[in-house]
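Computed from the coordinates by the stated procedures, all read-outs in this text should not be read as laboratory data. Quick caveat, the model's predicted, so the values are computed rather than measured. Cβ coordinates were reconstructed from backbone atoms using ideal geometry, including for glycine residues, and neighbour counts include every protein chain displayed.
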Amino acid sequence: MTITTAELKKNLEKYLELAETDPVIIENMGCMKSVVISYTMYERLTELEDAYWGERAERAEAEGYLGEEASESLLNRAGTDCHV
């Protein structure tokens, strides 16, 4: 469900209740700005993210490390690719 910020302000309690079962996307001036989800869903997503990054860390550790010089070189190159 997508609603505007004005609609959210008018019916906050309604959309907080709806967010218990389905995400509520908030649009402001034509741009998607935020998503309201239940705390239970937030916890679930946080657990999934933690598990994902934990697995990635274990895999990286098993594959070995680049070393200090290679890491520094990679970070320096990444810094030059930034577009502002």
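Key figures for this structure:
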| quantity | calculated |
| --- | --- |
| Helix-derived mean residue ellipticity, 222 nm - over the chain, DSSP H n ≥ 4, -39500 (n - 2.57), to 500 | -19000 deg cm²/dmol |
| Folded to 0 to 90 degrees: helix 39-63 orientation relative to the chain principal axis, Cα | 10 |
| Loop chymotrypsin sites (Phe, Trp or Tyr not before Pro), the chain (other Cβ atoms within 10 Å of the site Cβ: 12 or fewer; DSSP) | 65 |
| Spread of Cα-to-Cα distances over 5 Å intervals beginning at zero, given as percent, for the chain | 3, 12, 13, 11, 11, 11, 10, 11, 10, 6, 2, 0 |
| Most positive-pole-ward Cα, 26, 76, 62, against dipole of segment 15-84 from beta carbon charges | 26 |
| In sequence order, calculated HN-Hα J values of segment 9-21 (Karplus, 6.51, -1.76, 1.60; Hz; x Gly/Pro) | 4, 6, 10, 3, 4, 4, 6, 5, 5, 5, 5, 5, 10 |
